1. Test VAL46 against the stated conditions and say whether it is open to solvent by 70 Å² or more (accessible area, probe 1.4 Å) and within 24 Å of ALA59 (Cβ to Cβ).
2. Pull out all pairs, ordered by first then second residue, where Cβ-Cβ is under 7 Å, the residues are six or more apart or on different chains, the first lies in segment 9-35 and is without any contact (Cβ under 8 Å) to a residue 40 or more places away in the chain and closer than 14 Å to PHE48 by Cα, and the second is open to solvent by 70 Å² or more (accessible area, probe 1.4 Å) and not in a loop (DSSP other than H, G, I, E, B).
3. Give the number of residues within segment 12-35 that are within 12 Å of the chain's Cα centre (by Cα) and of a type in the set (A, V, I, L, M).
4. Could you list, in sequence order, all residues of segment 22-43 that are exposed (fewer than 10 other Cβ atoms within 10 Å of the Cβ) and assigned to a helix (DSSP H, G or I)?
Amino acid sequence: MEFDFTRSVAPLVVIVAVATVALTSMMTPSTVFMMVLPSMIVFSIVAFFLGLKHGEFRA
């Protein structure tokens with residue numbers, strides 16, 4: 001299966017959205033939106049691009 005940018009980013013966005021919704025039921029929304037969500041976004045971007053470069057290297 002060929003992955004392009006949108007097919008790769010879409011599951012990542014869905015995972016972050018589901019995790020955010022799940023965490024707002026356990027924690028206060030202000031804490032989730034101001035502290036947890038930005039760190040999840042930054043980590044997912046860094047992990048995505050490291051995985052992308054590793055995949056290019058392996059190919």
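The values are calculated or read from the model by the stated rules, or taken from the named source; none is laboratory data. Keep in mind it's a predicted model, so treat the numbers as computed, not measured. Counting neighbours? That spans all protein chains shown, and the Cβs are built from the backbone with ideal geometry, glycine included. These area figures cover heavy atoms from the full protein model, side chains too; ligands, DNA and RNA do not enter into them. Shrake-Rupley method; radii C 1.70, N 1.55, O 1.52, S 1.80 Å.
1. Here the answer is yes, as VAL46 does meet what is asked.
2. Hits for this filter: VAL16/ILE41.
3. Count: 8.
4. If the condition is that a residue be exposed (fewer than 10 other Cβ atoms within 10 Å of the Cβ) and assigned to a helix (DSSP H, G or I), then SER30, SER39 are the ones that fit.
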